[in-house]
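S.K.: This is the structure I want to talk about, given as structure tokens.
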Amino acid sequence: MLLDSASLYFRAYFGVPDSVRSPDGQPVNAVRGLLDFISRLVQDHHPDQLVACMDADWRPQWRVDLIPTYKTHRVAEAATEGEEEIPDTLSPQVPVIEQVLDALGIARIGVPEYEADDVIGTLAARAKGPVQIVTGDRDLFQLVDDVRGVQVIYPIKGVGAAQIINEAALREKYGVTGAEYADMAALRGDPSDGLPGVKGIGEKTAAQLIREYGDLAGIRAAATDPFSKLTPARRKNILEAAPYLDVAPTVVRVATDIPLPDFDPTLPREPLDPMTLEDLATRWGLGTSLTRLLDTLAQNGTNT
């Protein structure tokens with residue numbers, strides 16, 4: 001099980017009331033919410049390995065070099081707010097989350113110059129058995145692969161009400177497979193990530209073009225073929241988007257071969273550093289969220 005950690009603690013932050021605070025009054029709603037998420041995921045899915053994947057760099061320069069607008073609006077928002085793109089009462093909770101995960105012995109990986117998505121992509125590619133990716137980010141749908149047993153657990157409301165995204169779910173909702181999803185995303189674009197897409201091509205049209213021409217390369221070839229069935233307007237838009245389409249696949253596709261540190265992905269049955277964990281629990285008032293997770297980890301070890 002691979003956690004898109006930022007996606008989950010961001011959801012926890014907005015899903016758990018701000019009134020959940022430490023003994024000295026600091027918000028810990030994201031910390032406790034994430035611990036509750038992990039408890040529920042372990043309880044429902046019984047993974048034997050779990051990795052919390054982190055954004056060591058949420059806007060890697062190599063992606064910005066290819067598409068300068070990549071996540072630009074988030075930088076603008078941060079400048080307007082005078083801080084990073086995450087709310088100010090969330091950012092102080094991130095180091096606490098990291099310390100708690102480390103004390104629990106839950107593997108936590110971030111790689112300089114790469115996003116959590118790239119860590120997830122690489123771990124999924126390396127996995128010898130089934131993989132469940134837990135994320136609220138649709139970009140990771142591109143990793144779905146029924147043959148290799150790669151699924152996405154996509155939270156709808158919390159992680160208890162989550163949708164399992166497999167190839168059938170992708171075909172039903174988007175009309176594409178996991179392998180085709182990145183091409184569709186490049187064509188469609190994504191304003192939230194600063195990706196312009198191709199003028200006049202939305203999700204349904206992108207999926208239709210992929211069905212007709214196979215992939216992005218086939219669509220671009222059809223645009224240069226005077227005998228293809230593309231309408232003049234669509235042909236023109238695709239050709240005019242050539243500079244974007246030259247680089248978009250590299251930006252949109254999750255990396256699957258980045259260097260990773262050595263780590264043990266085994267889900268612990270008991271905390272790695274119980275004394276530190278006890279100190280953190282007292283300092284931050286982690287209460288039932290932590291005790292519930294510890295109980296769940298112990299039971300998961302017995303069940304598996």
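Nothing in this text is a laboratory measurement; each read-out follows from the coordinates by a stated rule. Nothing here was measured: the structure is a model prediction, and the numbers come from that model. Glycine gets a Cβ as well: all are built from the backbone with ideal geometry, and neighbour counts include every protein chain shown.
S.K.: Going by amide H atoms built from the backbone, whose H comes under 5 Å of the H on V131, apart from near neighbours?
M.R.: Residues meeting the criterion, in which the H sits 1.01 Å from N, are V150, Q151.
S.K.: Could you state the number of Å between the C-alpha centres of the stretch 137-164 and the stretch 246-293?
M.R.: Centre-to-centre distance over Cα atoms comes out at 19 Å.
S.K.: Convex hull over the alpha-carbon atoms of the chain: what's its volume per residue in Å³?
M.R.: With only Cα atoms used, the chain gives 135 Å³ per residue.
S.K.: State, to one decimal in nm², a quarter of the convex hull surface area for the C-alpha atoms of the stretch 123-174, i.e. the direction-averaged projected area.
M.R.: Projected over every direction and averaged, the Cα hull of the stretch 123-174 covers 3.7 nm².
S.K.: Counting other C-beta atoms within 10 Å, which of L280, L209 has the fewest, and how do the rest follow?
M.R.: L280, L209
S.K.: Work out from phi, with θ = phi - 60° and the Karplus expression 6.51 cos²θ - 1.76 cosθ + 1.60, the ³J(HN,Hα) of each residue of the stretch 257-266, listed in order in whole Hz, and give x for Gly and Pro.
M.R.: 9, 7, x, 10, x, 5, 7, 10, x, 4
S.K.: Beyond 17 Å, what percent of the Cα pairs of the stretch 194-299 remain?
M.R.: In whole percent, the long-distance tail amounts to 69.
S.K.: Let me ask something else. Using alpha-carbon pairs under 8 Å, 6+ residues apart, how would you state the relative contact order of the chain in percent?
M.R.: Answer for the chain is 26 percent.
S.K.: For D55, list long-range residues whose amide hydrogen, built 1.01 Å from N in the peptide plane, is under 5 Å from its own amide hydrogen.
M.R.: Amide H to amide H, under 5 Å and 5 or more residues apart or across chains, D55 pairs with A6, A116.
S.K.: For the stretch 178-252, calculate the relative contact order in percent as a whole number, restricting contacts to Cα pairs under 8 Å that are 6 or more residues apart.
M.R.: 32 percent
S.K.: Taking Cα atoms of the stretch 132-278, Rg/Rh with Kirkwood Rh, to two decimals?
M.R.: Rg divided by Rh gives 1.10.
S.K.: Using the 10 angstrom Cβ neighbour count as an exposure proxy, how do M184, M1 rank, fewest first?
M.R.: Placing the least packed residue first, the sequence is M1, M184.
S.K.: Just need log10 I(q)/I(0) for the stretch 8-62 at q = 0.22, 0.27, 0.29, 0.31 Å⁻¹, Debye formula, equal scatterers on the alpha-carbon atoms, no solvent, rounded to two decimals.
M.R.: -0.89, -1.02, -1.08, -1.14
S.K.: Can you run the Rg to Rh ratio on the stretch 237-304? Use alpha carbon positions and the Kirkwood inverse-distance Rh.
M.R.: The Rg/Rh ratio comes out at 1.35.
S.K.: Still on this structure, please answer the following. Based on C-alpha coordinates, I'd like the Rg and Dmax of the stretch 178-252, in Å.
M.R.: Cα-based Rg and Dmax for the stretch 178-252 come out at 11.2, 36 Å.
S.K.: Going by C-beta contacts inside 10 Å, put F37, F14, F141 in order with the fewest on the left.
M.R.: F14, F141, F37
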